[in-house]
Amino acid sequence: MTPPDVIVRELPLPATGGGPPSADAQARLLTLIDVFSATRVAKGVEGRMKLAKLDFLLRYPDRFKVLMQRRRPDVEVGEDPWLTGVIEQKMIRYRYGPWDPSYYTLLGALTGKGLVTPRHYDAIATYRSTDKGHEVALALAGSQSWKPVRERAVLLRRHFDVTGTTLKNMIYEEFPDIVAADWGTPL
């Protein structure tokens, strides 16, 4: 089996207008999508809005803890997946809340590498990990640095597997600073 640090290095993206999203960004999204694809009946992550809101909660652990405390105060949130406390690439305020313009590039790269399969159900883009993507995601989860990311994604699936609109509404209700921010403002 290929070591996880080698897998992450093998996930480069072509340059985009704002610079290429990192291999870590691909690994983070793959991990998130894979956790939501964990069962045979699971469709994966249903919709880009839902993906963005889940990714927001994964990237911003302080915001996750606030929503988790409100939703399930009895659940231990575990280790912060980003031990440095530094957010690799900030999301921006967009039409429906937190968004990252690199999602299209990231999803295209993961799809092109055969790690994620996009499907459409009732006009909703749904992303599911492939067998190959699942293997890569598990290899990543086997590393000390990616294990907390997978554990946090599992908590997201267990407690926040709701529609993208419901997630957006939760975020808007709990974090009025996001609603008040102008479009394009880094969060």
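The values are calculated or read from the model by the stated rules, or taken from the named source; none is laboratory data. On a predicted model such as this, the values are computed, not experimentally measured, just so you know. FYI the Cβ positions are ideal-geometry reconstructions off the backbone, even for glycines, and counts take in every protein chain you see. When the accessible area is computed, the model is the full protein with side chains, heavy atoms only, and any ligands, DNA or RNA have been set aside. Shrake-Rupley method; radii C 1.70, N 1.55, O 1.52, S 1.80 Å.
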Which of the residues belonging to segment 88-120 are part of a strand (DSSP E or B), open to solvent by 10 Å² or more (accessible area, probe 1.4 Å) and aliphatic (A, V, I, L, M)?
ILE92
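Matching residues to (1) farther than 23 Å from ARG128 by Cα; (2) modelled with pLDDT under 80; (3) out of contact with any helix residue (DSSP H, G or I) (no Cβ under 8 Å at 6 or more places or on another chain):
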position	(1), (2), (3)
VAL8	no, yes, no
ALA15	yes, yes, yes
LYS43	no, no, yes
LYS50	no, no, no
LEU58	no, no, no
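For segment 56-70, which residues satisfy the criterion of being surrounded by 13 or more Cβ atoms within 10 Å (Cβ to Cβ) and either part of a helix (DSSP H, G or I) or acidic (Asp, Glu) (or both)?
From segment 56-70, those surrounded by 13 or more Cβ atoms within 10 Å (Cβ to Cβ) are 56-61, 63-69; that's our starting set.
Listed by number, the residues that qualify are PHE56, LEU57, LEU58, ARG59, PRO61, ARG63, PHE64, LYS65, VAL66, LEU67, MET68, GLN69.
Tell me the residue from PRO81, PRO3, PRO73 that is over 23 Å from ASP182 (Cα atoms), at pLDDT below 90 and open to solvent by 30 Å² or more (accessible area, probe 1.4 Å), please. Let's see the steps before the verdict.
On the way: PRO81 fails: open to solvent by 30 Å² or more (accessible area, probe 1.4 Å); PRO73 fails: at pLDDT below 90.
Exactly one of PRO81, PRO3, PRO73 is over 23 Å from ASP182 (Cα atoms), at pLDDT below 90 and open to solvent by 30 Å² or more (accessible area, probe 1.4 Å), namely PRO3.
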Given the conditions (1) touching a helix residue (DSSP H, G or I) at 6+ places or on another chain (Cβ under 6 Å); (2) open to solvent by 50 Å² or more (accessible area, probe 1.4 Å); (3) aromatic (Phe, Trp, Tyr), which single one is not true for TRP183?
(1)
Take the residues in segment 139-170 that are surrounded by fewer than 20 Cβ atoms within 10 Å (Cβ to Cβ) and not in a helix (DSSP H, G or I); name whichever of them is modelled with the lowest pLDDT.
SER145
